[in-house]
1. Run down A44, A64 and say which single residue is within 15 Å of ligand 3 (Cβ to nearest atom), within 14 Å of the chain's Cα centre (by Cα) and within 22 Å of R138 (Cβ to Cβ).
2. Just to check your reading of the model, which residue among N290, N215 is out of contact with any Leu (no Cβ under 9 Å at 6 or more places or on another chain), closer than 23 Å to L144 by Cβ and at pLDDT below 95?
3. Which residues, counting only those in segment 124-142, are among the acidic types (D, E) and closer than 13 Å to S162 by Cβ?
4. Can you list the helices (runs of 4 or more DSSP H) lying wholly within segment 127-212 that have 3 or more residues being more than 16 Å from ligand 1 (Cβ to nearest atom)?
5. Out of segment 254-266, which residues are more than 27 Å from R277 (Cβ to Cβ) and surrounded by fewer than 16 Cβ atoms within 10 Å (Cβ to Cβ)?
6. Based on this model, can you work out whether S122 counts as touching a strand residue (DSSP E or B) at 6+ places or on another chain (Cβ under 8 Å) and in contact (Cβ under 8 Å) with a residue 24 or more places away in the chain?
7. Looking at segment 52-78 only, could you name the residues that are away from ligand 2 (no atom under 13 Å from the Cβ) and among the hydroxyl-bearing types (S, T, Y)?
8. Do we find a residue being at pLDDT 95 or above, within 16 Å of ligand 1 (Cβ to nearest atom) and over 18 Å from N120 (Cβ atoms) anywhere in segment 223-230?
Amino acid sequence: MRTTCPIQQSISAEPYQSAPATLFGYTPNVHEILRGLRCHEFVAYVQPKFELESNAVHSVEVLARWEHPQRGLLAPAAFIPLMAFETLLLDELLCDLLDQGLACQTELHSQGRTLGFSFNLSMLQLANDALIGRLIGRLGEHTLPLSLVTLEVTEDAPSVASAVCFQNVSRLRRLGVRMSLDDYGTGYSSLLRLCQLPFDELKLASQVTWHSIENRPYRSVIGNTVALAQELRMQLVVEGIETEGQRVWLKQMGVQLGQGYLHSRPMAADSFAEWLRANPYAIATRSSFNS
Ligand code: C2E
Ligand code: MG
Ligand code: MG
């Protein structure tokens with residue numbers, strides 16, 4: 001069941017007039033987003049993380065989509081940048097997707113498929129004590145072990161990993177929740193961040209994957225990231241795997257887990273159970289969970 005996350009009525013459209021335009025020719029305003037949230041138009045899509053060796057589904061990442069009544073299905077690029085201007089909106093989205101994702105996870109478990117689920121959380125959200133308290137409350141109601149829940153920290157702003165962030169990561173990890181550093185190697189998702197906060201998973205950014213085979217510097221980055229993850233005892237997931245050549249090459253480099261269009265595109269959480277049934281290689285395995 002979805003929890004009710006109160007949205008402040010007082011949010012004004014004024015500060016958002018300079019928000020970045022999207023590449024899609026449509027820039028929603030804050031009131032449209034609020035309406036969409038209240039009408040539950042934001043839906044959870046899921047994309048599997050898979051084992052490179054066997055193609056088996058290892059776990060899934062929950063990704064936001066907006067089923068806009070006039071504009072059709074919108075990807076995060078159309079609304080996350082505006083939401084990042086007002087983190088209350090992002091918080092509301094996270095609560096909504098958490099409810100949808102955990103419900104899907106529970107339902108799959110009842111069908112005999114136990115899979116880890118990941119959710120995206122920005123650095124700014126990680127610094128918000130009240131939000132983290134709310135998440136912990138919701139996670140406390142979950143009937144599955146919290147080691148099956150991962151929070152992927154996305155770097156949308158040059159925010160400093162403050163003592164508050166560190167404390168909140170520690171609070172979550174004490175409950176068993178896994179922490180992941182998303183888009184590693186780009187923007188502020190850096191070696192420094194890796195030193196500042198304790199993570200269980202490292203997600204190497206797609207931009208590295210796309211050039212990895214033919215380009216020596218990218219190959220070196222992959223090789224060194226594999227070694228780094230092993231050294232730090234972190235699970236490495238390589239994002240953006242689009243070709244069989246990339247899968248085979250990454251496997252040879254020692255990468256065990258990946259995510260990308262080669263295996264599957266994001267799909268509606270509602271249709272995921274059906275997709276699992278239709279795909280014989282999508283065998284859920286629990287053996288590789290490290291906690
Ligand atoms: P991300 O967390 O790094 O998610 C992976 C993105 O890469 C997804 O884009 C996914 O569809 C895309 N992707 C996966 N495999 C491939 C591939 O093989 N090729 C290509 N070209 N792309 C691939 P999506 O769904 O558009 O999401 C973009 C970003 O928006 C996410 O990147 C994440 O940072 C953010 N985002 C998505 N949902 C949420 C959310 O609920 N909350 C927050 N705060 N951010 C979210
Ligand atoms: Mg992510
Ligand atoms: Mg990513």
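The values are calculated or read from the model by the stated rules, or taken from the named source; none is laboratory data. Owing to the predicted nature of the structure, the values given are computational and were not obtained by experimental measurement. With ideal geometry, Cβ positions are generated from the backbone for all residues, glycine too; neighbour counts draw on all protein chains shown.
1. Working: A44 fails: within 15 Å of ligand 3 (Cβ to nearest atom).
It is A64.
2. Numbers: N215 fails: closer than 23 Å to L144 by Cβ.
Selected residue: N290, the only one of N290, N215 that is out of contact with any Leu (no Cβ under 9 Å at 6 or more places or on another chain), closer than 23 Å to L144 by Cβ and at pLDDT below 95.
3. Our first condition is that a residue be among the acidic types (D, E); within segment 124-142, this holds for 129, 141.
Listed by number, the list holds a single entry, D129.
4. Values: elements: 129-140, 163-174, 191-196, 206-209.
Qualifying helices (runs of 4 or more DSSP H): 129-140, 163-174, 191-196.
5. Taking segment 254-266 first, the residues more than 27 Å from R277 (Cβ to Cβ) are 254-255.
Answer for segment 254-266, where residues must be more than 27 Å from R277 (Cβ to Cβ) and surrounded by fewer than 16 Cβ atoms within 10 Å (Cβ to Cβ): just G254.
6. Values: touching a strand residue (DSSP E or B) at 6+ places or on another chain (Cβ under 8 Å): yes; in contact (Cβ under 8 Å) with a residue 24 or more places away in the chain: yes.
So S122 passes the test.
7. Kept after step one, since they are away from ligand 2 (no atom under 13 Å from the Cβ), are these residues of segment 52-78: 52-58, 65-75, 77-78.
Result: S54, single match.
8. Yes, some residue in segment 223-230 is at pLDDT 95 or above, within 16 Å of ligand 1 (Cβ to nearest atom) and over 18 Å from N120 (Cβ atoms).
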